[in-house]
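Engineer: Have a look at the structure that comes next, please.
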Amino acid sequence: MNPFDFQQPADVDAALAALAAPGARPIAGGTNLLDLIKEGVMKPSGLVDINPIAGLAAIAEDGTGLRLGALARNADTAYHPLVRERYPLLAAAILAGASPQLRNMATNGGNLLQRTRCVYFYDVGTPCNKRGPGTGCPAKAGLNRQLAILGTSPQCIATHPSDMCVALRALDATVHVRAANGERSIPFADFHRLPGDTPDVDSTLQPGELITHITLPDARRFAQRFEYVKVRDRLSYAFALVSVAAALDLAADGTVRAARIALGGVAHKPWRVEEAEELLTGRPAGETAFEQAAERILRGARGYGQNDFKIPLAKNAIVQALTNAVQKNELRGAPR
Amino acid sequence: MDAYRQYPIRLRINGEDRAFAVESTVTLLDLLRERAGLTGTKKGCDHGQCGACTVLLDGRRINACLTLAVMQNGHEVTTIEGLADGDTLHPLQQAFIDHDAFQCGYCTPGQICSAAGLVAEGQAKTVDDVRELMSGNVCRCGAYPQIAQAVCDVMEIEK
Ligand SMILES: Cc1cc2nc3c(=O)[nH]c(=O)nc-3n(C[C@H](O)[C@H](O)[C@H](O)COP(=O)(O)OP(=O)(O)OC[C@H]3O[C@@H](n4cnc5c(N)ncnc54)[C@H](O)[C@@H]3O)c2cc1C
Ligand code: SF4
Ligand code: FES
Ligand code: FES
């Protein structure tokens, strides 16, 4: 590992002061940052360990919704009684990611800012516009089985690898951050960004800003019929090729009152097309409507060779997730 | 920045208070193996992918390769060496022997620490849950069926 200074500030203000130093980065669970430092992909000159800061790990009711501390562990979030009861889609997405050991360390804030798993990004011996702006993108004509089919740019076709973020996007979360000059809130849709001409910038978080917590609005109407489908190369402990967070609010006669659909593994950010959800509203929850929504979500998708299969795969996964969501109520309590 | 700065830390390892001075870059895994003399915890991938380095941190299973020793100052670590009660093996250690749940044994300390964490978490109700919740531990010898049996036995889960 490249050497770095190490500090453990006691509160957010002290952390923000420490983060003002050039090359300083916060470290939370460390499960992504240390991995990248070991590979030489990230080379911070100082690590600011935010774990000792009191109050950032809490999970609590917040008005009609829920507040998830940035330092709450992924496992504690997924198994939290309020999350299980009111946001089971989020619990399912978190539990589909990583391993129990990693989820015990990984934090909610860190999960949002984990970096792409594109193999060229990880390999400092190869060019990569995200790691070294202007060096090129070997993935477009190379190993792109895992990579994006939507929202790509000529500069980068990386995906955001998180499972948790797919559910947070579907559930309309908000990210709350603090900087030396105040606080601000970022709607989840605006938190991650598309690669464009600056693929080295993953999110709209500014240098020196710290995520303090994430809030979720009341989403209890989506707590009955939901599904997180994760398609991957092996059954467990692998990143998604394509994932779908789906939730439905159904009327008694089976028509859709409201739908939420977000995709992982297909773009630089969790992918959601609200227009496709509106296509479902007022219609019977069934295959025809689901297929039309899937078509709309994948509009404009393009493959790069090895990942061409993801386009039909994503459509099928959307239909599957929505179909399963319709039945989720009946499956409740049954072992799965 | 002084690359060789030493950070004084204290850890409670397997019930014993110990003091070290470490560079910022030392992982908990390297501290355990190279400075604390506890080589039961194995280094496999060093990237969080195999589970060989699994230990219990404040009672919870984690990958020791992906955390810094300085970050764990003041915390409590239990390694495979700390599970037995004197000469009496931990029930999971005994179950692994009874079920022939290892071949070369390289992954075994991590498997057993992970299983101890799994039992404490109390989330597994079925053998499929056990398999899923042991998925962070990779065994190149393929001892998985026996490992799942050993863990289920200790948890009294029907197989
Ligand atoms: C083998 C392996 C498999 C995995 N599989 C999956 C998977 O299937 N699905 C999945 O979703 N994830 C997976 N992960 C990724 C894992 O979920 C992330 O590494 C984890 O969520 C990151 O959280 P952390 O707290 O450890 O972040 P850290 O590594 O501590 O930090 C990550 C980044 O966030 C920044 N940061 C952290 N906290 C804050 C904050 N509060 N404010 C501002 N910046 C902050 C850091 O500076 C750093 O840049 C896997 C990881 C590994 C190693
Ligand atoms: S897809 Fe993005 S991350 Fe991957 S090599 Fe191209 S520029 Fe780098
Ligand atoms: S050595 Fe830590 S997970 Fe492989
Ligand atoms: S017993 Fe050989 S690696 Fe598991």
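The values are calculated or read from the model by the stated rules, or taken from the named source; none is laboratory data. Given the structure is predicted, the values throughout are model-derived calculations rather than measurements. Backbone-built Cβ (ideal geometry, glycine too); neighbour counts: all protein chains shown.
Engineer: Which residue pairs have Cβ atoms closer than 7 Å, lie 6 or more positions apart in sequence or on different chains, and pair a first residue in the stretch A:160-187 that is under 16 Å from A:L56 (Cβ atoms) and modelled with pLDDT of 95 or more with a second residue that is in a loop (DSSP other than H, G, I, E, B) and not charged (D, E, K, R)?
Structural biologist: A:V177/A:L205; A:A179/A:Q206; A:A179/A:G208
Engineer: Follow-up. Looking at (1) surrounded by 19 or more Cβ atoms within 10 Å (Cβ to Cβ); (2) not small (G, A, S); (3) not in a loop (DSSP other than H, G, I, E, B), find the lone condition where A:H160 falls short.
Structural biologist: (3)
Engineer: Go through the residues of the stretch A:92-100 one by one and say whether even a single one is in contact with a strand residue (DSSP E or B) (Cβ under 7 Å, 6 or more places away or on another chain) and under 21 Å from B:T27 (Cβ atoms). Walk me through it before giving the result.
Structural biologist: Keep residues of the stretch A:92-100 that are in contact with a strand residue (DSSP E or B) (Cβ under 7 Å, 6 or more places away or on another chain), which gives A:92-93, A:96, A:100.
Now narrow it down to the ones that are under 21 Å from B:T27 (Cβ atoms): A:100.
Yes: the stretch A:92-100 contains one or more residues that are in contact with a strand residue (DSSP E or B) (Cβ under 7 Å, 6 or more places away or on another chain) and under 21 Å from B:T27 (Cβ atoms).
Engineer: Go through the stretch A:79-95 and report how many residues are part of a helix (DSSP H, G or I) and either within 16 Å of ligand 3 (Cβ to nearest atom) or buried (at least 24 other Cβ atoms within 10 Å of the Cβ) (or both).
Structural biologist: The initial filter retains those residues of the stretch A:79-95 that are part of a helix (DSSP H, G or I), namely A:81-86, A:88-95.
If we keep only those that are either within 16 Å of ligand 3 (Cβ to nearest atom) or buried (at least 24 other Cβ atoms within 10 Å of the Cβ) (or both) as well, we get A:89-90, A:93-94.
Within the stretch A:79-95, residues that are part of a helix (DSSP H, G or I) and either within 16 Å of ligand 3 (Cβ to nearest atom) or buried (at least 24 other Cβ atoms within 10 Å of the Cβ) (or both) number 4.
Engineer: Specify the residue that is nearest to the chain's Cα centre (by Cα); the eligible residues are those in the stretch A:163-196 that are within 24 Å of A:D308 (Cβ to Cβ) and surrounded by fewer than 18 Cβ atoms within 10 Å (Cβ to Cβ).
Structural biologist: Top of the filtered list is A:L194.
Engineer: Can you give me the number of residues within the stretch A:228-249 that are crowded, with 23+ Cβ neighbours inside 10 Å and more than 15 Å from the chain's Cα centre (by Cα)?
Structural biologist: Count: 2.
Engineer: Here's another thing I want to ask about it. Pick from B:A148, B:A124: which is assigned to a helix (DSSP H, G or I) and within 14 Å of chain A (Cβ to nearest Cβ)? Please lay out each step first, then the result.
Structural biologist: Details: B:A124 fails: assigned to a helix (DSSP H, G or I).
Sole residue among the options that is assigned to a helix (DSSP H, G or I) and within 14 Å of chain A (Cβ to nearest Cβ): B:A148.
Engineer: Let me ask something else. Condition first: within 16 Å of ligand 4 (Cβ to nearest atom) and outside any loop (DSSP other than H, G, I, E, B). Can you find one or more residues in the stretch B:1-15 that meet it? Walk me through how you get there before you give the answer.
Structural biologist: Residues of the stretch B:1-15 that are within 16 Å of ligand 4 (Cβ to nearest atom), as a first pass: none.
Within the stretch B:1-15 (the criterion being within 16 Å of ligand 4 (Cβ to nearest atom) and outside any loop (DSSP other than H, G, I, E, B)), the answer is no, since none of the residues qualifies.
Engineer: For the stretch A:55-75, state whether one or more residues are of a type in the set (G, A, S), more than 14 Å from chain B (Cβ to nearest Cβ), in a helix (DSSP H, G or I) and closer than 23 Å to A:K230 by Cα.
Structural biologist: We begin by selecting, within the stretch A:55-75, every residue of a type in the set (G, A, S); these are A:55, A:57-58, A:60, A:63, A:65, A:69-70, A:72, A:75.
Restricting the remaining residues to those that are more than 14 Å from chain B (Cβ to nearest Cβ) gives A:55, A:58, A:60, A:63, A:65, A:69-70.
Now drop any that are not in a helix (DSSP H, G or I), which leaves none.
Checked the stretch A:55-75: no residue is of a type in the set (G, A, S), more than 14 Å from chain B (Cβ to nearest Cβ), in a helix (DSSP H, G or I) and closer than 23 Å to A:K230 by Cα.
Engineer: Which one is modelled with the lowest pLDDT, of the residues in the stretch B:1-37 that are among the acidic types (D, E) and out of contact with any helix residue (DSSP H, G or I) (no Cβ under 9 Å at 6 or more places or on another chain)? I'd like the intermediate steps shown before the answer.
Structural biologist: Pass one, the stretch B:1-37, residues among the acidic types (D, E): B:2, B:16-17, B:23, B:30, B:34.
Next cut, out of contact with any helix residue (DSSP H, G or I) (no Cβ under 9 Å at 6 or more places or on another chain) only: B:2, B:17, B:34.
On the way: B:D2: 68, B:D17: 98, B:E34: 98.
The extreme case among them is B:D2.
Engineer: Can you say whether B:L83 is crowded, with 16+ Cβ neighbours inside 10 Å, touching a residue at least 12 places away in the same chain (Cβ under 8 Å), more than 30 Å from A:P44 (Cα to Cα) and not hydroxyl-bearing (S, T, Y), as far as the supplied structure shows? Spell out the reasoning first.
Structural biologist: Values: crowded, with 16+ Cβ neighbours inside 10 Å: yes; touching a residue at least 12 places away in the same chain (Cβ under 8 Å): yes; more than 30 Å from A:P44 (Cα to Cα): yes; not hydroxyl-bearing (S, T, Y): yes.
Answer is yes for this residue.
Engineer: Does the stretch A:1-50 hold any residues that are part of a loop (DSSP other than H, G, I, E, B), touching a helix residue (DSSP H, G or I) at 6+ places or on another chain (Cβ under 9 Å) and either of a type in the set (G, A, S) or facing another protein chain (nearest Cβ under 9 Å) (or both), and which are they?
Structural biologist: To start, the set of residues in the stretch A:1-50 that are part of a loop (DSSP other than H, G, I, E, B) comprises A:1-4, A:8-11, A:20-23, A:28-32, A:39-45, A:50.
Next cut, touching a helix residue (DSSP H, G or I) at 6+ places or on another chain (Cβ under 9 Å) only: A:1-2, A:4, A:8-9, A:28-32, A:39, A:41-44, A:50.
Result: A:M1, A:N2, A:F4, A:Q8, A:A28, A:G29, A:G30, A:T31, A:N32, A:E39.
Engineer: Which of the residues belonging to the stretch B:48-70 are touching a residue at least 24 places away in the same chain (Cβ under 8 Å) and not in a strand (DSSP E or B)?
Structural biologist: Within the stretch B:48-70, B:Q49, B:C50, B:G51, B:A52, B:C53, B:G59, B:A64, B:C65, B:L66, B:T67, B:A69, B:V70 qualify.
Engineer: Next question, about the same structure. Going through the stretch A:60-88 one residue at a time, which ones are basic (K, R) and farther than 20 Å from A:G29 by Cβ? Step through it out loud before you land on a result.
Structural biologist: Within the stretch A:60-88, the subset basic (K, R) is A:67, A:73, A:84, A:86.
Scanning the stretch A:60-88 gives A:R84, A:R86.
Engineer: Exactly one of these conditions fails for B:V138: (1) within 16 Å of ligand 1 (Cβ to nearest atom); (2) over 25 Å from B:C65 (Cα atoms). Give me its number.
Structural biologist: (2)
Engineer: Within the stretch A:260-276, identify whether any single residue is closer than 18 Å to A:Q327 by Cα and surrounded by 20 or more Cβ atoms within 10 Å (Cβ to Cβ), and answer yes or no. Show your work before the answer.
Structural biologist: Within the stretch A:260-276, the subset closer than 18 Å to A:Q327 by Cα is A:260-261.
Right, trim to surrounded by 20 or more Cβ atoms within 10 Å (Cβ to Cβ) and you get A:260-261.
Yes, there is a match, as at least one residue in the stretch A:260-276 is closer than 18 Å to A:Q327 by Cα and surrounded by 20 or more Cβ atoms within 10 Å (Cβ to Cβ).
Engineer: Would you mention how many residues in the stretch A:96-126 are free of Cβ contacts under 8 Å to residues at least 40 places away in the same chain, within 14 Å of chain B (Cβ to nearest Cβ) and crowded, with 21+ Cβ neighbours inside 10 Å?
Structural biologist: 4
Engineer: Away from ligand 3 (no atom under 16 Å from the Cβ) and over 29 Å from A:A219 (Cα atoms) - does that describe any residue in the stretch A:160-167?
Structural biologist: The initial filter retains those residues of the stretch A:160-167 that are away from ligand 3 (no atom under 16 Å from the Cβ), namely A:160-167.
Next, from what is left, pick out any that are over 29 Å from A:A219 (Cα atoms): none.
No, that holds for no residue.
Matching residues to (1) over 18 Å from A:Y87 (Cα atoms); (2) not charged (D, E, K, R):
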| position | (1), (2) |
| --- | --- |
| A:S243 | no, yes |
| A:D249 | no, no |
| A:D253 | yes, no |
| A:V256 | yes, yes |
| A:A262 | no, yes |
| A:G265 | yes, yes |
| A:P270 | no, yes |
| A:E275 | yes, no |
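Engineer: Looking only at the stretch B:1-44, count every residue that is within 12 Å of chain A (Cβ to nearest Cβ) and touching a residue at least 60 places away in the same chain (Cβ under 8 Å) and tell me the total.
Structural biologist: Here the count works out to 2.
Engineer: What do you reckon, is A:D197 closer than 28 Å to A:G63 by Cβ and in contact (Cβ under 8 Å) with a residue 12 or more places away in the chain? Spell out how you get there, then give the answer.
Structural biologist: Details: closer than 28 Å to A:G63 by Cβ: no; in contact (Cβ under 8 Å) with a residue 12 or more places away in the chain: yes.
No: the conditions fail for A:D197.
Engineer: Moving on. Those residues that are away from ligand 4 (no atom under 14 Å from the Cβ) and β-branched (V, I, T), I need them from the stretch B:103-150; list them, please.
Structural biologist: B:V119, B:T126, B:V127, B:V130
Engineer: A further question on this structure: Of all the residues that make up the stretch B:61-88, how many are within 14 Å of chain A (Cβ to nearest Cβ) and charged (D, E, K, R)?
Structural biologist: Residues flagged as within 14 Å of chain A (Cβ to nearest Cβ) and charged (D, E, K, R) within the stretch B:61-88 amount to 1.
Every residue, every condition in (1) over 12 Å from the mean Cα position of the chain (by Cα); (2) more than 13 Å from ligand 3 (Cβ to nearest atom), yes or no:
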{"position": "B:R18", "(1), (2)": "yes, yes"}
{"position": "B:T27", "(1), (2)": "yes, no"}
{"position": "B:L56", "(1), (2)": "no, yes"}
{"position": "B:R60", "(1), (2)": "no, yes"}
{"position": "B:A64", "(1), (2)": "no, no"}
{"position": "B:V70", "(1), (2)": "yes, yes"}
